[in-house]
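Heads up: the structure comes next, in structure tokens.
The values are calculated or read from the model by the stated rules, or taken from the named source; none is laboratory data. Since we're looking at a predicted model, the values are computed, not measured. Cβ placement follows ideal geometry from the backbone for every residue including glycine, while neighbour counts extend to all protein chains displayed. Note: areas computed on protein heavy atoms with side chains; ligands, DNA, RNA excluded. Shrake-Rupley method; radii C 1.70, N 1.55, O 1.52, S 1.80 Å.
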Amino acid sequence: MLYKQLVKYLCIFSCILIFQPIFVQGQAFSGAPDTMRLTLLQAEKQFLDSNLQLLAAHYNIQSEAALVEQARKWDNPLLVTDQNLYTNKKFFQHGVDKDGNPQGEVFVQVQQLIKTAGKRGKQVDLARTNVNIAEWQFKNVMRNLRATLKKDFYTIASLEGNAALFNDNMQRLEKLQGAMKQELAAGNIARKEYLRVQALIISLKQDMVQNSSDLLDAESELKTILQVTGNVFILPLTNDDYKTAVPAEGISQLLDSAKKYNTDYNQQMQQLQYNRQNLKLQRALAIPDITVGTEFDQSANYAPNYYGLALSLPLPLWDRNRGNIKSAGWQVKQEEVMMRQVDQKLDNDVLNAYQKLMLAVKLNENTSDAFYRDYSQLYMNIVESYNSRQIGMIEFLEYFNDYQQVRKNQLQQILNLHLAAEELNDVVGVDVSK
């Protein structure tokens with residue numbers, strides 16, 4: 001049974017040799033890509049300078065700001081005129097008769113709508129709140145993209161570390177395989193030992209393929225955020241000192257900061273404010289507006305030249321805007337419920353992110369760098385011991401698998417620490433953990 005499994009591994013190994021992608025520093029690319037080396041600060045600067053989603057959100061703010069100016073404007077005055085068209089078989093008969101009296105009617109009226117109950121001011125308040133909503137939407141887009149940028153940045157760095165580990169182990173295994181092939185030909189080792197090393201190489205190549213696939217996905221997303229196109233590989237330059245501490249602020253202080261800076265929370269606050277202002281406006285719309293005008297009438301009144309003052313307003317008998325007022329009132333209640341939900345979610349998110357960072361920091365503090373250095377040195381000694389036939393195949397494979405898992409755990413631990421810090425920064429809305 002073992003022999004059949006080893007033969008199966010050999011067949012898989014042959015297929016991988018034929019179809020495997022080219023591994024260049026853990027990167028599956030066709031051709032040699034250009035490498036763009038960026039620190040996190042450089043990546044954030046390029047993101048702010050070139051991202052199209054941010055630009056579109058910025059244009060939306062400008063659009064809403066223009067509506068504030070529009071809301072301040074008065075309604076245009078209305079000009080009404082009426083002149084005689086045909087009288088006494090004559091068109092547009094004007095002038096004076098033989099006695100000097102004016103002939104033909106000329107009527108001119110200018111009207112101005114005057115909004116009552118502060119409607120114009122309430123409309124301006126609504127427009128300003130819309131600007132605030134647009135600004136928080138802009139900040140929300142920036143926040144989400146920035147969080148994705150940092151996640152991809154640290155993920156790529158971690159995957160690059162995995163790639164370096166895989167490549168190093170692959171070189172050692174291939175070197176070992178070459179030596180074992182000669183030993184097998186000389187009859188010094190059993191064939192099953194040689195096949196097990198080949199099976200290990202196949203498994204490692206599969207890990208390399210998956211790692212390269214994950215790397216490509218993260219690279220694609222990061223390049224889109226940074227507006228980078230073409231055959232370019234972004235290589236994150238990270239600080240080797242990854243000691244992140246829990247923020248000095250307590251939970252209550254972090255919650256206060258989150259309510260000040262968190263984009264989801266403040267956007268919901270502005271939406272509630274908008275609906276409350278809209279309710280005030282709908283109540284004001286139930287109060288009739290007044291139209292004031294002055295008019296001149298020639299030859300159509302008791303006086304040859306008549307000047308008058310005109311006032312008009314609708315009588316609120318049938319339409320008192322009650323439906324819109326009720327609708328606006330229910331919208332306020334709906335947004336108040338949503339506000340309570342967002343408030344509760346923010347409390348839970350801050351606490352959750354804070355606790356996750358504490359766990360990551362505690363784990364990192366309990367694991368010394370000396371352990372990883374000593375374990376790496378132990379692995380080197382194990383390889384040499386196996387080459388000199390001081391230990392057997394089973395013991396070597398155990399150490400090999402353990403070493404690879406320990407190194408992967410180390411890289412994942414560093415990644416988890418970065419991601420936990422950035423998650424807390426993201427939910428608070430400002431960098432509280434660095």
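In table form, for the structure just shown:
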| quantity | calculated |
| --- | --- |
| Any hit, region 223-232, residues being outside any loop (DSSP other than H, G, I, E, B) and either in contact with a Ser or Thr (Cβ under 6 Å, 6 or more places away or on another chain) or of a type in the set (Asp, Glu) (or both) | no |
| Of all residues in region 417-434 being under 16 Å from Ser158 (Cβ atoms) and either in contact with a strand residue (DSSP E or B) (Cβ under 7 Å, 6 or more places away or on another chain) or charged (D, E, K, R) (or both), the one that is most open to solvent (accessible area, probe 1.4 Å) | Glu423 |
| Thr367, sole failed condition from (1) of a type outside the set (Lys, Arg); (2) open to solvent by 90 Å² or more (accessible area, probe 1.4 Å); (3) within 30 Å of Asp168 (Cα to Cα) | (2) |
| Some residue of region 181-198 being acidic (Asp, Glu) and part of a helix (DSSP H, G or I) | yes |
| Residue within region 217-227 that is within 21 Å of Glu44 (Cα to Cα), open to solvent by 50 Å² or more (accessible area, probe 1.4 Å) and in contact (Cβ under 8 Å) with a residue 12 or more places away in the chain present | yes |
| Flag for Leu397 being among the hydrophobic types (A, V, I, L, M, F, W, C) and either assigned to a loop (DSSP other than H, G, I, E, B) or within 30 Å of Leu272 (Cβ to Cβ) (or both) | no |
| Every residue from region 230-277 that is of a type in the set (D, E, K, R) and open to solvent by 80 Å² or more (accessible area, probe 1.4 Å) | Asp240, Asp241, Lys243, Asp256, Lys260, Arg276 |
| Index of the failed condition, Glu160 passing every other in (1) acidic (Asp, Glu); (2) part of a loop (DSSP other than H, G, I, E, B); (3) under 30 Å from Leu204 (Cα atoms) | (2) |
| Flag for Asn416 being under 19 Å from Pro247 (Cβ atoms) and without any contact (Cβ under 8 Å) to a residue 60 or more places away in the chain | yes |
| Unmet requirement for Lys434, which otherwise passes all of (1) under 30 Å from Arg143 (Cα atoms); (2) charged (D, E, K, R); (3) assigned to a helix (DSSP H, G or I) | (3) |
| Of all residues making up region 324-364, the number that are under 20 Å from Ala284 (Cβ atoms) and open to solvent by less than 100 Å² (accessible area, probe 1.4 Å) | 8 |
| Options Val342, Val337, Val350: the member that is of a type in the set (A, V, I, L, M, F, W, C), part of a helix (DSSP H, G or I) and farther than 30 Å from Leu419 by Cβ | Val337 |
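A quick yes/no check of all residues on (1) of a type in the set (A, V, I, L, M, F, W, C); (2) touching an Asp or Glu at 6+ places or on another chain (Cβ under 8 Å); (3) open to solvent by 40 Å² or more (accessible area, probe 1.4 Å):
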residue	(1), (2), (3)
Lys139	no, no, yes
Asp152	no, yes, no
Leu165	yes, no, no
Lys175	no, no, yes
